[in-house]
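Q: Have a look at this one.
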Amino acid sequence: MAGAGKTTLAKEVVRLYRLENQNVIHLDGDRIREIMHNFDYSLAGRGSNARTIAKLCCELSNQGIHVVCSILSIFEEHKRYCVENSDGFAEVFIEVSMKNLRARDQKALYSGAENKQVTNVIGVDIPFNTPATAAMTIENNVSEDEFLASATRVLRLLP
């Protein structure tokens, strides 16, 4: 969910991967939203953004580029699309307690949702289900150093 550490972990995975292979790209869900001017956070808007990102990831992967994508993934159909249309898709789930997410709250999403100033927040007014088929689950209720060390585990999923 928001604040779980998706971007932080992805950047570390890419940094480590580039020590031996330059053929890797990091796609971040928030950055793709900015590029595509899709600021619709409703379930439909999130679905449209996820579909765009899934197709972009597959297109790059099918051209031989290793893709590390940090996105809040709530749509099973888009994950299935990636499995069916690219080589080497692996989902990494970052597990974090709601207490820690609320404490981090860098974007003020959780506090805004509690005060009814923000809507369409995953885990608050849009349900979030823990992925059943993730290739790896990483806990981020630990120190930042311990969390970043898990990037080496994620590297094993990359070809």
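We did not get these values from a lab; they are worked out from the coordinates using the rules stated. Here the structure is a predicted model, which is why all the values come from computation and not from measurement. Cβ: placed from backbone, ideal geometry, glycine included. Neighbour counts: every protein chain shown.
Q: Counting other Cβ atoms within 10 Å, keep those with at most 13, restrict to DSSP loop, and tell me which trypsin sites (Lys or Arg not before Pro) in segment 97-132 are left.
A: When the trypsin sites (Lys or Arg not before Pro) of segment 97-132 are filtered for loop state and at most 13 Cβ neighbours within 10 Å, Lys107, Lys116 remain.
Q: List the relative contact order of the chain as a percent without decimals, with contacts defined as Cα pairs under 8 Å and 6+ residues apart.
A: Reported as a whole number, the value is 32 percent.
Q: Sort Met98, Met1 so that the residue with the fewest other Cβ atoms within 10 Å of its own Cβ comes first and the one with the most comes last.
A: Fewest-to-most ranking of Met98, Met1: Met98, Met1.
Q: Alpha carbon centre of segment 53-77 versus segment 97-159: separation in Å?
A: With segment 53-77 and segment 97-159 each reduced to a Cα centre, they are spaced 19 Å.
Q: Skipping prolines and chain starts, which residues have an amide H placed within reach, meaning under 5 Å, of the one on Leu27, given they are 5 or more residues away or on another chain?
A: Val68, Cys69, Ser70
Q: Can I ask one more? Is it possible to state the helix-based mean residue ellipticity at 222 nm for the chain, with each DSSP H run of 4+ residues giving -39500 (n - 2.57), the sum divided by total residues, to the nearest 500 deg cm²/dmol? What is it?
A: Counting only the DSSP helices, I get -13000 deg cm²/dmol.
Q: Over segment 1-152, how many pairs of lysines fall under 24 Å by alpha carbon, counting only those 8 or more apart in sequence or from different chains?
A: 11
Q: Additional query: In nm, what is the difference between 0.36 nm times the number of residues separating Arg80 and Met98 and their Cα-Cα distance?
A: Net length gain for the segment: 3.8 nm.
Q: Expected output is a single nm value to one decimal: the length gained when fully extending between Glu146 and Glu20, i.e. 0.36 nm times separation in residues minus the C-alpha distance. What is it?
A: 43.1 nm
Q: Using a Gaussian network model of the chain with C-alpha springs under 10 Å, which one of His37, His26, His66 is most mobile by mean-square fluctuation?
A: His37
Q: To the nearest µm²/s, what D does Stokes-Einstein give for segment 6-145 at 10 °C and 1.306 mPa s, using the Kirkwood radius over alpha carbon pairs as Rh?
A: 98 µm²/s
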